[in-house]
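The values are calculated or read from the model by the stated rules, or taken from the named source; none is laboratory data. Owing to the predicted nature of the structure, the values given are computational and were not obtained by experimental measurement. As a convention, Cβ positions derive from the backbone with ideal geometry for all residues, glycine included, and neighbour counts pool all protein chains shown. In case anyone asks, the SASA skips ligands and DNA or RNA and just uses the protein heavy atoms, side chains included. Shrake-Rupley method; radii C 1.70, N 1.55, O 1.52, S 1.80 Å.
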Amino acid sequence: MEKQPAIELKNITKRFGNVVANKDVNLTAYRGEILSVLGENGSGKTTMLNIIGGLDQYTSGDLVING
């Protein structure tokens, strides 16, 4: 049986005015996977997680949850 993605981010970009917090982010997470997100302060980690959690609206791209 083929794995089904639980979360897919496709070319997600998030802007706050002139500031680009995330640019063309692509991520696929499959059910049962454990992932970590690493990066320096201000690199957009929290913004990406807020988009996945529905707390922030992305500027462009596609977010698919559970297929």
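Overview of results
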{"read-out": "Gain in span if fully extended, Asn66 to Lys23, counting 0.36 nm per residue against the direct Cα distance", "value": "13.2 nm"}
{"read-out": "Reach of Lys23 by Cα under 14 Å, taken over aspartates and glutamates that are not fewer than 8 positions away in the same chain", "value": "Asp62"}
{"read-out": "Solvent-accessible area, 1.4 Å probe, carbon plus sulfur percent, for the chain", "value": "49"}
{"read-out": "Cα pair count fraction exceeding 15 Å, expressed as % - the chain", "value": "52"}
{"read-out": "Listed peptides 25-38, 42-55 by packing density, highest first (mean Cβ within 10 Å)", "value": "42-55, 25-38"}
{"read-out": "In nm, spacing of pseudo-spin labels at Lys10 and Tyr30 (7 Å Cα→C-beta vector)", "value": "1.9"}
